[in-house]
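The values are calculated or read from the model by the stated rules, or taken from the named source; none is laboratory data. Quick caveat, the model's predicted, so the values are computed rather than measured. Note that we place each Cβ from the backbone using ideal geometry, even for glycine, and neighbour counts take in every protein chain shown. These accessible areas exclude ligands, DNA and RNA; they are computed on the full protein's heavy atoms, side chains included. Shrake-Rupley method; radii C 1.70, N 1.55, O 1.52, S 1.80 Å.
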Amino acid sequence: MRTLILDDEEPAVHMLSKVCRDEGHIVAPFTHSAKALLYLAREEVDLLITDLHMPGPDGVTVVLEARRLQPGIFTLIVTGHTNRYPIEALLADGTADVIIKPFRMDELRTRLALAERRRGLIARLQGQTRALYTVSNERIRALQQELEKQHESA
């Protein structure tokens with residue numbers, strides 16, 4: 001999974017990057033939200049892991065802009081400031097998960113696995129939806145042709 005990690009604290013970025021790389025992710029680490037947003041504007045990302053409380057554009061702004069730029073992106077919020085930000089609203093709007101600092105590494109690994117599994121399920125459902133759409137359109141065309149033949153022979 002292509003994962004962008006954003007936290008204004010270098011040790012947090014380093015630790016999150018290590019865990020994600022250990023789990024097989026391709027990681028783009030950032031400590032400045034403006035640089036992360038520039039990256040999101042030109043590179044495809046599967047998962048955004050971001051802190052909320054940062055200088056410059058905060059994590060909420062980054063999440064909203066990331067979704068605008070890449071509607072299919074998954075977001076995982078890592079924060080110690082739960083009462084300062086609209087976490088419930090972010091979850092209702094599609095954020096995959098929230099991890100409260102401090103957290104254990106096994107918790108992070110579990111949340112990463114869940115996000116990857118959810119992403120896979122959504123991709124599979126989208127594929128099935130496209131296949132159903134194709135089959136239904138083919139069936140509609142066949143019925144239209146059959147009706148046209150009946151109309152011509154009448």
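For helix 105-153, report the angle its Cα long axis makes with the longest principal axis of the Cα atoms of the chain; keep it between 0 and 90° and round to the nearest 10°.
20
Would you be so kind as to identify which of His25, Val13, Leu121 lies farthest towards the positive end of the dipole of the chain, taking Lys and Arg as +1 and Asp and Glu as -1 on Cβ and the Cα centre as origin?
Leu121
Find, among the GluC sites (Glu not before Pro) in the stretch 21-71, those assigned to loop by DSSP (not H, G, I, E, B) with at most 10 other beta-carbon atoms within 10 angstrom.
On the way: sites: Glu23, Glu43, Glu44, Glu65; in loops: Glu23, Glu43, Glu44.
Taking the stretch 21-71 and a limit of 10 other Cβ atoms within 10 Å, the loop GluC sites (Glu not before Pro) found are Glu44.
Summarise the accessible area of the chain (1.4 Å probe, protein heavy atoms) by the percent that is carbon and sulfur. Write down the numbers at each step before the final one.
Values: 5140 of 9360 Å².
Its accessible area is 55 percent carbon and sulfur atoms.
Please work out how much length the chain gains when fully extended from Gln150 to Ala113, using 0.36 nm per residue of separation minus the C-alpha to C-alpha distance, in nm with one decimal.
Values: separation 37, 0.36 × 37 = 13.32 nm, distance 5.54 nm.
Stretched out fully, the Gln150 to Ala113 stretch lengthens by 7.8 nm.
Does the chain classify as rounded, prolate or oblate by the C-alpha gyration tensor (a ≥ b ≥ c root eigenvalues; a/c under 1.5 gives rounded; else a/b over b/c gives prolate, otherwise oblate)? Let's see the in-between values first.
Working: a/c = 3.00, a/b = 2.65, b/c = 1.13.
Since a/c reaches 1.5 and a/b is larger than b/c, the shape of the chain is classed as prolate.
How much accessible area per residue does the chain have, in Å², with a 1.4 Å probe? Kindly include the intermediate steps, with their values, before the conclusion.
Working: 9360 Å² over 154 residues.
With the other protein chains kept in place, the chain gives 61 Å² per residue.
Rounded to the nearest 0.05, what FRET efficiency is calculated for Ala34 and Arg124 with R0 set to 30 Å and r the Cβ-Cβ distance? Write out the running numbers ahead of the final one.
Working: r = 35 Å, r/R0 = 1.18.
Approximately 0.30, to the nearest 0.05.
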